[in-house]
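To start, the structure under review is shown below, and the notes come after it.
The values are calculated or read from the model by the stated rules, or taken from the named source; none is laboratory data. Note that this is a predicted model, so its numbers are computed, not measured. Heads up, the Cβs are rebuilt from the backbone with ideal geometry, glycines too, and the neighbour counts pull from every protein chain shown. Heavy atoms of the whole protein, side chains included, go into the accessibility calculation; ligands, DNA and RNA do not. Shrake-Rupley method; radii C 1.70, N 1.55, O 1.52, S 1.80 Å.
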Amino acid sequence: MIVLERVFKSFPLDDGRSEPVLSDLNLTVSEGEFLAILGPSGCGKTTLLNLIAGFTAPTRGRVLFNGTEIDRPAPERAVVFQDAVLFPWLTVSRNIAFGLKLQGLKGKNLDEKVSRYLAIMGLTEEDGAKYPHALSGGMSQRVSLARVLALKPKALLMDEPFSSLDVDTRERLQEELLRLWAARRTTVIYVTHSVEEAAYLADRVLLLGPSPGRARTVPVPLKRPRNRRSEEFLATKEALRGGFPEPLCCATFRHSPHLEGGFRP
Amino acid sequence: MTGLFRKMPKSTLSIVLLLTAWRLAAEGVLLFRGVPFPTPEETFLRLLELLAGKNLAGHSLYVHLFSSLRRWATGFAVAAASGVLYGLAAGRVRALERATSEIPQFLLLIPGLAWVPVAILLFGIGERATLFMIAVSAFAPIAVSVLGGAKNVDTRLLRAAQMLGAGEGTLFFHVFLPATLPSILSGLRIGLGTSWRVLVAAEMVVGSGTGLGYSLIQARWTLDYASSFACIAAICLIGFFFERVLIRRLERGTLDRWAPVSEKG
């Protein structure tokens, strides 16, 4: 379980002042839950994910994972970044093996596990011998997913992982993610600025407004598998769009092309 | 004619142009100043004579060559080790960077020959003064390049490694070091050229008794310009060889595999 207690996070500005990004945020994410964090650019989505990942510490408040305060990154809270972030000097197989080796796996066991995760993510042994520069965006994200899934994390933190991919690849990877999540029931926190993506993937959506402190969670009352063209799905999308804790002005909308359709004040 | 140029390798074309310009300069100097200027053919023949064992400033060309290479290797090794270690350390330790990063920038502005009085005051005339000049001149470009690379290592790579379970040692040797390698190689390439040029200049001025720089200036005092030119050709060929063999081989084994040249820019 992930718990945020009255979390406040600000960043120092050049003029000596500090800019609050998150203010007084309380959140509980249950084990096995799929939570999407939705909001316009600059609302603190990635900051929130970084706090849970342990990359940064809150200015005030506490972030707990299974009752323990998070103070550093760890494989139990694995992160999938927006741009895959593979090590360019390692082949695909060695990228996947990186974390496994740090867990003490070696020799035949390591090779077998790498091969298994290549296969799970639809990659061939031939792909495994390639360097990251030779991969497409979709393949890179598959490797990035394989790299963290192989570590069997308790929570998967995903920062707009498919946002730079074309629609077909994005939807295919969303399906694969849901399949893996259904099989493993790993807690997933998924940052996105696409209403459709949040409605399609999540059990619950945390809506972050452009002002710090304006946040609320909304459940997604849809059964799986979800149909993107169904009346219910479209209604859920509309409800999410209308559910923001404060009106999103036109400027915010202009900076967030994925918040398609605009927001009702 | 244009087709012939297109078919020529780039290096061959450069050599042909250089030799043509040299030949024209030799003819021009003879015509307008009445001074014999060694042509490429004369220089080549003298180089062959020297390679066959002809005496040059009291020793064979091989003795001079060996002396120069020994000095260069020692001075460059000191510069490379100290420059790379300093750059990596200052790139990792913020306080060290803040306190010292202007020093290599400052050293970079000092021409190699300007170190002559310092070298002589510190070490007297001879071998150690030459080594000091090589090391101090090559240190600055290596340190600046490595520090620049180390400071700009993509934070996301470090975070990805931490999230996969990397401790400080793994982070340094398996992420930070390979991520800095392009800057290390770039620094070594510049340092190699600098150290070779300073070596020759130091041998000409500091008085080493042997070496390509020493023999070049001795041949000039005896008006044996063809031998001087042969020494220049030897210096140039050796520098070119080291740059191509040492650095290019390292690059081919690493950077070219991680990201082919066409994708770097």
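Do we have residue B:4 as among the hydrophobic types (A, V, I, L, M, F, W, C), farther than 15 Å from residue B:233 by Cβ, surrounded by 11 or more Cβ atoms within 10 Å (Cβ to Cβ) and modelled with pLDDT under 90 here?
no
Do we have any residue at all in the range A:82-101 that's small (Gly, Ala, Ser), assigned to a helix (DSSP H, G or I), more than 14 Å from chain B (Cβ to nearest Cβ) and open to solvent by 50 Å² or more (accessible area, probe 1.4 Å)?
No, the range A:82-101 contains no residue that is small (Gly, Ala, Ser), assigned to a helix (DSSP H, G or I), more than 14 Å from chain B (Cβ to nearest Cβ) and open to solvent by 50 Å² or more (accessible area, probe 1.4 Å).
Residues to consider are A:155, A:146, A:134, A:119; find the one that is within 10 Å of another protein chain (Cβ to nearest Cβ), among the aliphatic types (A, V, I, L, M) and either open to solvent by less than 20 Å² (accessible area, probe 1.4 Å) or without any contact (Cβ under 8 Å) to a residue 12 or more places away in the chain (or both).
A:134
May I ask you to say which residue of B:126, B:149, B:165 is within 14 Å of chain A (Cβ to nearest Cβ) and on the phi > 0 side of the Ramachandran plot?
Going through B:126, B:149, B:165 in turn, just one is within 14 Å of chain A (Cβ to nearest Cβ) and on the phi > 0 side of the Ramachandran plot: B:165.
Which residue pairs have Cβ atoms closer than 6 Å, lie 6 or more positions apart in sequence or on different chains, and pair a first residue in the range A:62-76 that is in a loop (DSSP other than H, G, I, E, B) with a second residue that is open to solvent by 70 Å² or more (accessible area, probe 1.4 Å) and at pLDDT 95 or above?
As it stands, the answer is A:76/A:154, since those pairs meet every condition given.
Is it the case that residue A:160 is open to solvent by 10 Å² or more (accessible area, probe 1.4 Å), under 12 Å from residue A:82 (Cβ atoms) and either touching a strand residue (DSSP E or B) at 6+ places or on another chain (Cβ under 8 Å) or of a type outside the set (Val, Ile, Thr) (or both)?
Answer is yes for this residue.
Here is a yes/no grid of residues against (1) over 15 Å from the mean Cα position of the chain (by Cα); (2) surrounded by 21 or more Cβ atoms within 10 Å (Cβ to Cβ); (3) at pLDDT below 95:
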{"residue": "B:61", "(1), (2), (3)": "yes, yes, yes"}
{"residue": "B:66", "(1), (2), (3)": "yes, no, yes"}
{"residue": "B:76", "(1), (2), (3)": "no, yes, yes"}
{"residue": "B:94", "(1), (2), (3)": "yes, no, yes"}
{"residue": "B:116", "(1), (2), (3)": "yes, no, yes"}
{"residue": "B:124", "(1), (2), (3)": "yes, no, yes"}
{"residue": "B:128", "(1), (2), (3)": "yes, no, yes"}
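Given (1) within 11 Å of another protein chain (Cβ to nearest Cβ); (2) buried (at least 22 other Cβ atoms within 10 Å of the Cβ), identify the lone condition not met by residue A:72.
Among (1) within 11 Å of another protein chain (Cβ to nearest Cβ); (2) buried (at least 22 other Cβ atoms within 10 Å of the Cβ), residue A:72 violates only (2).
Check the range A:139-158 and report whether any residue there is at pLDDT 95 or above, touching a Leu at 6+ places or on another chain (Cβ under 6 Å) and within 25 Å of residue A:21 (Cβ to Cβ).
For the range A:139-158, residues at pLDDT 95 or above, touching a Leu at 6+ places or on another chain (Cβ under 6 Å) and within 25 Å of residue A:21 (Cβ to Cβ): present.
Keeping to the range A:11-32, report how many residues are open to solvent by 10 Å² or more (accessible area, probe 1.4 Å) and either without any contact (Cβ under 8 Å) to a residue 60 or more places away in the chain or closer than 18 Å to residue A:161 by Cβ (or both).
Adding up the residues that qualify gives 11.
Output the residues belonging to the range A:33-62 that are farther than 22 Å from residue A:163 by Cβ and either within 14 Å of another protein chain (Cβ to nearest Cβ) or open to solvent by 40 Å² or more (accessible area, probe 1.4 Å) (or both).
A:54, A:57, A:59, A:60, A:62
Does residue B:234 qualify as being away from chain A (no Cβ under 14 Å), more than 19 Å from the chain's Cα centre (by Cα), aliphatic (A, V, I, L, M) and buried (at least 19 other Cβ atoms within 10 Å of the Cβ)?
Spelling it out, it is not the case that residue B:234 is away from chain A (no Cβ under 14 Å), more than 19 Å from the chain's Cα centre (by Cα), aliphatic (A, V, I, L, M) and buried (at least 19 other Cβ atoms within 10 Å of the Cβ).
Filter the range B:33-56 down to residues that are open to solvent by less than 40 Å² (accessible area, probe 1.4 Å) and part of a loop (DSSP other than H, G, I, E, B), then give me how many there are.
Count: 2.
Restricting the search to the range A:19-50, which residues are touching a Leu at 6+ places or on another chain (Cβ under 8 Å), assigned to a helix (DSSP H, G or I) and of a type outside the set (Val, Ile, Thr)?
Across the range A:19-50, the qualifying residues are A:45, A:48, A:49.
Given (1) free of Cβ contacts under 8 Å to residues at least 60 places away in the same chain; (2) open to solvent by less than 20 Å² (accessible area, probe 1.4 Å); (3) touching a helix residue (DSSP H, G or I) at 6+ places or on another chain (Cβ under 9 Å), identify the lone condition not met by residue A:207.
All conditions pass for residue A:207, except number (1).
Considering B:156, B:252, B:220, which residue is more than 17 Å from the chain's Cα centre (by Cα), within 13 Å of chain A (Cβ to nearest Cβ) and open to solvent by 30 Å² or more (accessible area, probe 1.4 Å)?
B:156
Whether any residue in the range B:9-32 is open to solvent by 50 Å² or more (accessible area, probe 1.4 Å) and in contact with a Phe, Trp or Tyr (Cβ under 7 Å, 6 or more places away or on another chain) is what I want to check.
Checked against the condition, which is being open to solvent by 50 Å² or more (accessible area, probe 1.4 Å) and in contact with a Phe, Trp or Tyr (Cβ under 7 Å, 6 or more places away or on another chain), the range B:9-32 yields at least one hit.
For the range B:196-215, does any single residue satisfy the condition of being surrounded by fewer than 24 Cβ atoms within 10 Å (Cβ to Cβ) and within 14 Å of chain A (Cβ to nearest Cβ)?
no
Give just the number: which of (1) more than 20 Å from the chain's Cα centre (by Cα); (2) in a strand (DSSP E or B) does residue A:16 not satisfy?
(2)
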